[in-house]
1. Please work out whether the range 389-430 counts as rounded, prolate or oblate from its C-alpha gyration tensor, where a ≥ b ≥ c are the square roots of the eigenvalues and a/c under 1.5 means rounded, while otherwise a/b larger than b/c means prolate and anything else oblate?
2. So, by mean Cβ neighbours within 10 angstrom, what's the order for 298-311, 26-39 with the highest one leading?
3. Hey, rough spin-label estimate for L406 and Q84, points 7 angstrom out along Cα→Cβ, what's it come to in nanometres?
4. At 1.567 mPa s and 4 °C, plugging the Kirkwood radius over alpha-carbon pairs of the range 79-123 into Stokes-Einstein gives what diffusion coefficient in µm²/s?
5. Provide V96, V410, V115 in ascending order of the number of other Cβ atoms located within 10 Å of each residue's Cβ, fewest first.
6. Order these by the 10 Å Cβ neighbour count, fewest first: Y354, Y421.
7. For a paramagnetic label modelled at 7 Å from the Cα of E299 toward its Cβ, which residues of the range 318-337 fall within the zone defined by backbone nitrogen distances under 18 Å?
8. Is the shape of the range 206-431 best called rounded, prolate or oblate, per the rule: a/c under 1.5 gives rounded, else a/b larger than b/c gives prolate, else oblate, with a ≥ b ≥ c the square roots of the Cα gyration tensor eigenvalues?
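All of the numbers you see were taken from the coordinates with simple rules; none came from a lab. Keep in mind it's a predicted model, so treat the numbers as computed, not measured. With ideal geometry, Cβ positions are generated from the backbone for all residues, glycine too; neighbour counts draw on all protein chains shown.
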Amino acid sequence: MSLYPTAATARHLWVALRWSSPALEAQWVARRIRDLVAGGAADFSEVAVLVRNVQALPPFEEVFHAFDVPYVLARGKRFYEAQQIADMTHWLRVLVNARDEISLAAVLRSPLAGVSDETLVRLKQRGHLAEGLAQCEECAELDPGDRKRLVWLREALRGSGGEDASVRIRCVREPPERPARRAPALVEEREERLARPALSGQYGSSVAVTSVALFQECPRQYFLARYLGWPQARLAPLLPEEERDETGPDAAELGRQVHDLLAGLEVRDAGPVAVELAARFQSSDLAERVARAARVEREFDFLLEVEEVVIHGRIDLWFEEGGELVLVDYKTDDVPAAEAAAHAQSYAPQLQLYALALERLTGRQPDRALIYLLRRDLQVPVSLRREDLESARAAVRTLRRAQEELHFPVRTGAHCTRCAYYAGLCPARATA
């Protein structure tokens, strides 16, 4: 809601906080406006006052009138929406039509009569409210004070001497001038400049497991890809030219097809590469253990609280067989054979967080965690020692702190050549 002193635009803006009373706040604003106008810094038409809501307007209207500050009220209550105008409108409707029960009920509950809800019900029990009002003196159950007010209202509506009431209305172009009023005594004021509060807790309340792993590999890549959502260029495969297969889907679509096939879903648009990679796992010794398992879960969604952050993710496969709880994550990454094992370890924080989630679910820590590189048909174990699991927790804590401080440094390494930002936004190539 706004109070605009006679319209136009505002060039001055203040934010007033921590006032002990609404009157003191209104007085301070009025004085500042008067000082600006007196000093020639602004006209009344160049100042706007923004208030919190309609209920905050009355002190400003009263003080502006006392300080002789002309104003126009914008987006407040319209004239006919004001309570006193609505009450008088209902009064006039009852004068015109005594059977207008809705307007009569409004008058009875307004300050004009001010009867209780119980009295209103008692009157209605006699039929129409107008009949109850006419017989109010005969109703012994009414509160004595309410009965007295009802008698006064009935006689007022009938008019003196029982004659019909008449209403005289005068139309004017301008509202009547208000009588001069003495300015209220000023309350001693004290301005206090507050220091900018220190921000805390400015981090995402939830994060994907894959984002934690990406942050561990390179905070700057996480910042560009996940925090900003900056578009990524499609990278050329790292395999030698004779080993490349560029006829199939992109990496994301290939991964979706393979995961759906291994989850037992029907994939009508599966390409030959996806079918081949899924078949490699299905013919492996690990798949034989899955077939014998007492419990198997595929594409298992979970939520896990770590360091006041909700971690969400999806475990490709976990199963219990031969007394072991085994955790498996499929990867379709296109990497040279010589780099495959080292590359798989970049996913270690991801599987360690999966292990924490399974421990919370089953009450026991997984015995084994494996990265299955399907293109190389290679199983790479991931350490689940207690100190490694604590390192995964620390990774979440570090990510949270980086978000609070907006500090995402570049971490260079062999992974840079696989990064979609290496030749663009990331400065690592220039410093390499």
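1. Working: a/c = 3.48, a/b = 1.75, b/c = 1.99.
Verdict is oblate for the range 389-430.
2. 26-39, 298-311
3. 5.1 nm
4. On the way: Rh = 10.7 Å.
The calculation lands on 121 µm²/s.
5. On the way: V96 10, V410 15, V115 24.
In order of increasing Cβ crowding within 10 Å: V96, V410, V115.
6. Working: Y354 29, Y421 22.
If I rank by nearby Cβ atoms, fewest first, I get Y421, Y354.
7. Residues passing the 18 Å test: 318-319, 328-332.
8. Working: a/c = 1.84, a/b = 1.11, b/c = 1.66.
Because a/c hits 1.5 or more and a/b fails to exceed b/c, the range 206-431 counts as oblate.
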